[in-house]
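The values are calculated or read from the model by the stated rules, or taken from the named source; none is laboratory data. What you see is a predicted model; the values in this text were computed from it and never measured. Note that each Cβ is placed from the backbone with ideal geometry, even for glycine, and that neighbours are counted across all protein chains shown. To get the accessible areas, we keep the full protein, side chains included, count just its heavy atoms, and leave off ligands, DNA and RNA. Shrake-Rupley method; radii C 1.70, N 1.55, O 1.52, S 1.80 Å.
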Amino acid sequence: MNLSGYVADPGGRQHPLGALTSLCTSDGSLSLHSSCFDEAFHSSAGALAEAKAKFVAPAQVRRFRSGTPLRVLDVCVGLGYNSAALMAELPLQGAPDLQWWGLELDPRPLTLALQHQGFSTLWPAHVLQRLEALRDHGHWTDASCGAGGRMLWGDARTQLKQLPKGLGMDLILMDAFSPGRCPQLWSEEFLAALAAQLAQGGRLLTYSRAAAVRASLRRAGLELRSLLPAPGQRQEWSSGTLAERQAATSPLAKHGPGWQSLSLMEEEHLNTRAAIAYRDPTGQDTALLIHQRRQAEQQACHWESTSSWQRRWAPFTRPQAGT
Ligand SMILES: C[S@@+](CC[C@H](N)C(=O)[O-])C[C@H]1O[C@@H](n2cnc3c(N)ncnc32)[C@H](O)[C@@H]1O
């Protein structure tokens, strides 16, 4: 069945995401488009492929041993691909004790995904049961091993404050809509609050390579690496960011599965106007206000323009490098 363009929830106009339209991505996996954000949930190359390449591979979950906790925060759970793919990667026997939290504004994407036959067949039974429990009850527990998960529905900016301080997340999967569409979740303040939740050696993973995002993560004390496009993906200069709260005893390797140090070009990107942060001091501002505040700061600053940086680094840069 070709789902492209099918309006999955035509009555959704009163929701913050508006109407949701189903899309079939190039690897055959389901995605959605939100009319209010006017953006798809995943890259057209493949929702499942993106989850595996940008979140699961650089997470290296096999590092976590049986009987030890693995604490994961999924920011913007959506259809649940990133967490489902991560759970499917853990061994059935001898897995760490997964302690999972999810932040998500709208329950419809997960509900729509679980109604879709192709989506459900992607996952092992125990992963599917967890997704169904999150949809139906907002939590899941696995009494046999002490694993469990809880969904915090609502605006991630307020729901993040409901999490106990100092949980020490090993992984944060950050998958908000793009900074252009949803600057609220890429602000200096929100990213700093996420960084504060990371354990020593904990990693935040995101598809974003935007200079503003990277500069905020660095100011939050995290060590940055650039995610490389996976084989078969469009060969761009980066496909995202790994940001780690370094443990003094085991510094993050310069190269790893799907990542490398930031190139000189990427470092210089962080000195351009594109690196001016999105600011949301009260955690309640609208996207429009956050953009207006940033534009005023960009106009007043004397940093190199992003277009001049793009010209210097042509042909490596592309127009979508971020402004
Ligand atoms: C790019 S999609 C996430 C895709 C998802 N990770 C997946 O694998 O399907 C962005 C998600 O952010 C959610 N969202 C938008 N604004 C939000 C907010 N202020 N707080 C929490 N979630 C938000 C949307 O409902 C949407 O599900």
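Can you find a residue in the stretch 206-229 that is on the phi > 0 side of the Ramachandran plot and modelled with pLDDT of 95 or more? So far as the stretch 206-229 goes, yes, one or more of its residues are on the phi > 0 side of the Ramachandran plot and modelled with pLDDT of 95 or more. Given the structure, is Pro91 more than 11 Å from the ligand (Cβ to nearest atom) and in a helix (DSSP H, G or I)? No: the conditions fail for Pro91. The set of residues from the stretch 24-55 being open to solvent by less than 30 Å² (accessible area, probe 1.4 Å) and of a type in the set (Lys, Arg) comprises just one member, Lys54.
Gln60 meets the stated requirement of being farther than 25 Å from Cys182 by Cβ, more than 13 Å from the ligand (Cβ to nearest atom) and within 18 Å of the chain's Cα centre (by Cα). When you scan the stretch 67-75, do you find a residue that is more than 14 Å from the ligand (Cβ to nearest atom), assigned to a loop (DSSP other than H, G, I, E, B), at pLDDT 95 or above and more than 21 Å from Pro179 (Cα to Cα), even just one? The answer is no; no qualifying residue exists. Residues in the stretch 118-171 that are open to solvent by 60 Å² or more (accessible area, probe 1.4 Å), assigned to a loop (DSSP other than H, G, I, E, B) and more than 16 Å from Leu98 (Cα to Cα): Thr121, Leu122, Pro164, Lys165, Gly166. Scanning the stretch 191-224 for residues that are out of contact with any helix residue (DSSP H, G or I) (no Cβ under 6 Å at 6 or more places or on another chain), open to solvent by 10 Å² or more (accessible area, probe 1.4 Å) and either part of a helix (DSSP H, G or I) or of a type outside the set (A, V, I, L, M) (or both) yields Ala192, Ala196, Gln197, Gln200, Gly201, Arg203, Arg209, Arg218, Arg219, Gly221, Glu223.
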